[in-house]
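Down below is the structure, laid out as structure tokens.
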Amino acid sequence: MDTTLQDPLVGRLLDGRYRVDARIAVGGMATVYRAVDTRLDRVLALKVMHPTLAADASFVERFIREAKSVARLAHPNVVQVFDQGTDGAYVYLAMEYVSGCTLRDVLRERGALQPRAALDILEPVLAALGAAHRAGFVHRDMKPENVLIGDDGRVKVADFGLVRAVDTVTNTTGSVLGTVSYLAPEQIEQGTADPRVDVYACGVVLYEMLTGAKPHDGGSPAQVLYQHLHEDVPAPSAAVPGLPYELDDLVASATARTPEIRPHDAVALLALTRGARAALTAEQLDAVPPQALAAAHDNAEDRTSVLPRALTLPRPLPVDGDGGEDRPGPHGPDDGLHRTSRLEPPASVAPRRRAAVRRGPLAILAAVLLVFGVGAGVWYINSGQFTHVPPLLEKTEAQARDRLEQAGLEVGAVRHAHSDTVERGSVISTDPGPGARIRGNDAVSLTISDGPETVKLPDLAGYRLDKARSVLRQEGLEPGMVTRAFSEDVPEGFVISTDPATGTRVRAGAAVALTVSKGRPVEVPDVTGDDLDEAKTALEEAGLKVRVSADQVTSEYDKGQVARQSPGSGRRVAEGGTVTLTLSKGPEMIEVPDVVGDSVDEARRALEDAGFEVKEDRGLLGLFGDTVKSQSVQGGDTAPEGSRITLTIR
């Protein structure tokens, strides 16, 4: 039986606007439905939060706040959010309807993809994530289930921002293994999430598209987490021999376990992806991997639809004498729905029939009066006393006035309001609403769209970061991603610029990215091998602070000299930054092998294997000799590792 028929929301008009037609999917946080917006007459998807979660006021508040921010992220590869609302215990999002399948469906059906197909999917995904990253959003839950592929071939990313509302959930159970498979190491270890966690997840998704399998597939979520932390994602060519090394490099860059080594956001990874594609030949791009399950399949007839393309409702069956046999409904012959059987009435029905005959004249008289009453009402309405408000939503103001005039109605008050979904100059709503019964010549008030509410971005250059964030919120905007950069003129911690630029008009509630100064750049001098006092003086004169590590290491340098420095020489750091120095314990002393009497080749090999450099002293008498006469450090004595031993040849 179709379980959607048991869902209490199917068939309901949610919030007086959205007619719920079918249930599409159920997740841990919400259920997704196919619905129709009865005001705008368009099909969309409704994501309805589970009532148990909706009881948590703080959870709902965060859900709504994130939804509003994501709704302003306009990008062709992002599933758009149109509306958000509440109807009793139901908190919902109205989203773009996408007819097609998920990337998970494709991988399940096809296995590994050709490199061209994998890159064709990855590039729009990165474009969508890049737009989000530059606007200050991190997806946090990138996986094939959240990549939708429309029947028209368009690729879209779903569930932007909503994972922020569930970031307190621990992803360690078997039911979320799919999510665990794409977690970056820093998400697991520290719970942190910046754009590089999305980059890591995209690298895992690319590996899966190229090989048909996940890189880490342990027997339990805990094992998968351990592999993410301690094992690199293997090269795809290890599973698919012959894959170009450019694709191996691309996966390795995106899935580096150290975040600093990865591309800093999806825009940077997109550039690497396009570079890798450009380096591949047509044969390499179209190579069919052995793991492909249906290489010659064009999927024209069997696409798996994320949302049903058409809703088929069961037709009511006739109840007259048509043979009376049971008929199967659209759900099959055994579902027990909409069946009709002709049965003989029980004996107790006969007396009621005789009573009904006796009451026949009275019933006929009542029916005649009812017909006359209805007819009079219809005449009264059609005579011009009443009419109905015509549908005017999304019509221009001029079109709405013409329609009202044709209906014999007046234009009442005209109000204006901002709208994110209705074009400027078009009707948002009417009072009374469309279809309402109204007396002829009465007035209908119109609310006209002024388009999205916009805010002029203030000049934040020179503001401290906390002050800049406060000003943005006061202006009705959201502080977005913060990028740090060196500046010769702007002190550390102060805003250099914004994206969009100062003076740009943006939608209210939009996220604004901030570039904040790291201070004046200083090139770190090389102080390795210097005495500690000399090193401190050089670094402090460069405008840097010095920290001396408590640890010491053996090195080629004498005891007390600088063996290591961090950051290294030539690196740029902010003025006033700290350089950590590690001092030398001196070189490690190694016993020198006794090589006197050995051949030159044997002596050189023995000394170099012990960790020494070798110099030959042949003089005039040893030009043609091949035996070691003596050595500068006698065998059995010790010398610093890496020091030079001179051999006299005779």
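The values are calculated or read from the model by the stated rules, or taken from the named source; none is laboratory data. Not measured: the values here are computed from a predicted model. A quick note on method: Cβ atoms are made from the backbone with ideal geometry, for glycine too, and the neighbour counts reach across all protein chains shown.
Would you call VAL527 surrounded by 15 or more Cβ atoms within 10 Å (Cβ to Cβ), assigned to a loop (DSSP other than H, G, I, E, B), out of contact with any Phe, Trp or Tyr (no Cβ under 8 Å at 6 or more places or on another chain) and not polar (S, T, N, Q)?
Taking the combined requirement at face value, the residue satisfies it.
Can you tell me how many residues within region 451-500 are outside any strand (DSSP E or B), within 25 Å of the chain's Cα centre (by Cα) and farther than 30 Å from ILE428 by Cβ?
Number satisfying all stated conditions: 1.
Quick one: GLY509 ticks every box in (1) on the phi > 0 side of the Ramachandran plot; (2) part of a helix (DSSP H, G or I); (3) of a type outside the set (Val, Ile, Thr) except a single one, so which number is it?
Here GLY509 meets the rest and fails (2).
Name the single residue, out of those in region 275-285 being within 27 Å of the chain's Cα centre (by Cα) and surrounded by 12 or more Cβ atoms within 10 Å (Cβ to Cβ), that is farthest from ASP249 (Cα to Cα).
LEU285
Out of (1) surrounded by 15 or more Cβ atoms within 10 Å (Cβ to Cβ); (2) in the same structural domain as LEU119 (by TED's automatic domain parsing), the odd one out for LEU14 is which?
Failing condition for LEU14: (2).
Could you list, in sequence order, all residues of region 29-62 that are in a loop (DSSP other than H, G, I, E, B) and more than 21 Å from the chain's Cα centre (by Cα)?
Listed by number, the residues that qualify are THR38, ARG39, LEU40, ASP41, HIS50, ALA55, ASP56.
Taking PRO51 as meeting all but one of (1) surrounded by fewer than 16 Cβ atoms within 10 Å (Cβ to Cβ); (2) modelled with pLDDT of 85 or more, write down the number of the exception.
(2)
Which residues, counting only those in region 232-256, are within 24 Å of the chain's Cα centre (by Cα) and modelled with pLDDT under 90?
Answer for region 232-256, where residues must be within 24 Å of the chain's Cα centre (by Cα) and modelled with pLDDT under 90: just ASP232.
Exactly one of these conditions fails for GLY635: (1) assigned to a loop (DSSP other than H, G, I, E, B); (2) under 26 Å from ASP558 (Cα atoms); (3) without any contact (Cβ under 8 Å) to a residue 12 or more places away in the chain. Give me its number.
(3)
Applying the selection to region 228-257, what residues are crowded, with 18+ Cβ neighbours inside 10 Å and among the polar types (S, T, N, Q)?
SER253, THR255
Answer yes or no as to whether ASP533 is assigned to a strand (DSSP E or B), out of contact with any Gly (no Cβ under 6 Å at 6 or more places or on another chain) and of a type in the set (D, E, K, R).
No; evaluated as a whole, the condition is false for this residue.
Here are some residues: ASP7, ASP15, ASP21. Which one is at pLDDT below 85 and either farther than 28 Å from ALA132 by Cβ or in contact with an Asp or Glu (Cβ under 7 Å, 6 or more places away or on another chain) (or both)?
ASP7
Just to verify a result, which residue in region 131-143, among those that are surrounded by fewer than 22 Cβ atoms within 10 Å (Cβ to Cβ) and part of a helix (DSSP H, G or I), is modelled with the lowest pLDDT?
Filtering region 131-143 for residues that are surrounded by fewer than 22 Cβ atoms within 10 Å (Cβ to Cβ) and part of a helix (DSSP H, G or I), the one modelled with the lowest pLDDT comes out as ARG134.
Which condition breaks for GLU260 when tested against (1) under 18 Å from PRO115 (Cβ atoms); (2) of a type outside the set (Val, Ile, Thr); (3) surrounded by fewer than 11 Cβ atoms within 10 Å (Cβ to Cβ); (4) at pLDDT 80 or above?
It fails just one condition, (1).
Take the residues of region 510-522 that are of a type outside the set (A, V, I, L, M, F, W, C) and touching a strand residue (DSSP E or B) at 6+ places or on another chain (Cβ under 6 Å): which is farthest from ARG572 (Cα to Cα)?
THR515
Tell me yes or no: at least one residue of region 422-431 is under 39 Å from the mean Cα position of the chain (by Cα), of a type in the set (Ser, Thr, Tyr) and assigned to a loop (DSSP other than H, G, I, E, B).
Scanning region 422-431 turns up no residue that is under 39 Å from the mean Cα position of the chain (by Cα), of a type in the set (Ser, Thr, Tyr) and assigned to a loop (DSSP other than H, G, I, E, B).
Return a yes/no flag: does region 413-421 have any residue that is more than 27 Å from LYS68 (Cβ to Cβ), surrounded by 15 or more Cβ atoms within 10 Å (Cβ to Cβ), of a type in the set (A, V, I, L, M) and in contact with a Ser or Thr (Cβ under 9 Å, 6 or more places away or on another chain).
There is no residue in region 413-421 that is more than 27 Å from LYS68 (Cβ to Cβ), surrounded by 15 or more Cβ atoms within 10 Å (Cβ to Cβ), of a type in the set (A, V, I, L, M) and in contact with a Ser or Thr (Cβ under 9 Å, 6 or more places away or on another chain).
Mind counting the residues in region 185-220 that are farther than 30 Å from ALA292 by Cα and in a loop (DSSP other than H, G, I, E, B)?
The total comes to 5.
Could you grab me the full set of residues in region 9-28 that are within 20 Å of the chain's Cα centre (by Cα) and not in a strand (DSSP E or B)?
Within region 9-28, GLY27, GLY28 qualify.
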